[in-house]
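The values are calculated or read from the model by the stated rules, or taken from the named source; none is laboratory data. Keep in mind it's a predicted model, so treat the numbers as computed, not measured. FYI the Cβ positions are ideal-geometry reconstructions off the backbone, even for glycines, and counts take in every protein chain you see.
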Amino acid sequence: MCRASARWWRRCSGRGGRRWRVSGGAGAVVLDASAVLALLHEEPGADVVADALTRALVSAVNLSECVAQLVAAGVRDADARAALELLGLTVVPFDAEQAWDAGCLRAATRRLGLSLGDRACLALARLRGLPVLTADRAWARLDVGVEVRPIR
């Protein structure tokens, strides 16, 4: 487990930590994988993400990105699962409607080199009419009908 993730995990895994609950109602936001990882690694902007957790949604595609990044950093599978579950995020399955919208976003996002995961996040936000929290400041230059809120 990387050092930052280990600190966060100790703090939140029952030793004085808390489990967040997500409503997804008024004031809901969509989290990009970069925002979730910023929280787990205690990077700048983590406080913004922590404040939004009780109303945050995440695409299943972005959850997969988080898992991949944590495992690549040496976090054991079981620990990665436990850390992400502790956040209590509402994970939204990637369905055909989101797949279609993410595909349609490719032309508008190509110049910034956005990945399928990035477009899945934007598609979920656009279809739900919600803002996105991301650590990627370049997203603020997008004009795709989604309010982008950089966390740092």
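In the range 129-152, the residues that are at positive phi reach residues that are at pLDDT 95 or above with C-beta atoms within less than 6 angstrom, at least six apart or across chains, in these pairs: GLY145/ARG126. For the range 102-124, indicate whether the set of residues that are in a loop (DSSP other than H, G, I, E, B), touching a residue at least 60 places away in the same chain (Cβ under 8 Å) and under 18 Å from LEU57 (Cα atoms) is non-empty. Within the range 102-124 (the criterion being in a loop (DSSP other than H, G, I, E, B), touching a residue at least 60 places away in the same chain (Cβ under 8 Å) and under 18 Å from LEU57 (Cα atoms)), the answer is no, since none of the residues qualifies.
Would the range 30-51 turn up any residue that is modelled with pLDDT under 50, surrounded by fewer than 18 Cβ atoms within 10 Å (Cβ to Cβ) and farther than 25 Å from VAL71 by Cβ? Outline the logic, then answer.
Taking the range 30-51 as the starting set, the residues that turn out to be modelled with pLDDT under 50 are none.
No, that holds for no residue.
Taken together, the residues in the range 81-101 that are more than 17 Å from VAL49 (Cβ to Cβ), part of a helix (DSSP H, G or I) and not polar (S, T, N, Q) amount to 7.
A residue that is assigned to a loop (DSSP other than H, G, I, E, B), touching a His at 6+ places or on another chain (Cβ under 9 Å) and touching a residue at least 40 places away in the same chain (Cβ under 8 Å) occurs nowhere in the range 35-51. Of everything in the range 54-89 that is among the hydroxyl-bearing types (Ser, Thr, Tyr) and modelled with pLDDT of 95 or more, the residue that is nearest to the chain's Cα centre (by Cα) is SER59. Residues in the range 76-83: is at least one more than 14 Å from LEU40 (Cα to Cα), surrounded by fewer than 18 Cβ atoms within 10 Å (Cβ to Cβ) and among the acidic types (Asp, Glu)? Checked against the condition, which is being more than 14 Å from LEU40 (Cα to Cα), surrounded by fewer than 18 Cβ atoms within 10 Å (Cβ to Cβ) and among the acidic types (Asp, Glu), the range 76-83 yields at least one hit. Residues in the range 114-141 that are more than 14 Å from VAL30 (Cβ to Cβ) and modelled with pLDDT of 95 or more were compared, and the one that is surrounded by the most Cβ atoms within 10 Å (Cβ to Cβ) is LEU114. Only a single item in (1) touching a residue at least 60 places away in the same chain (Cβ under 8 Å); (2) closer than 25 Å to GLY145 by Cα is not met by ASP79, and it is number (2).
Regarding ARG111, is this residue among the basic types (Lys, Arg) and closer than 18 Å to SER34 by Cα? No: the conditions fail for ARG111.
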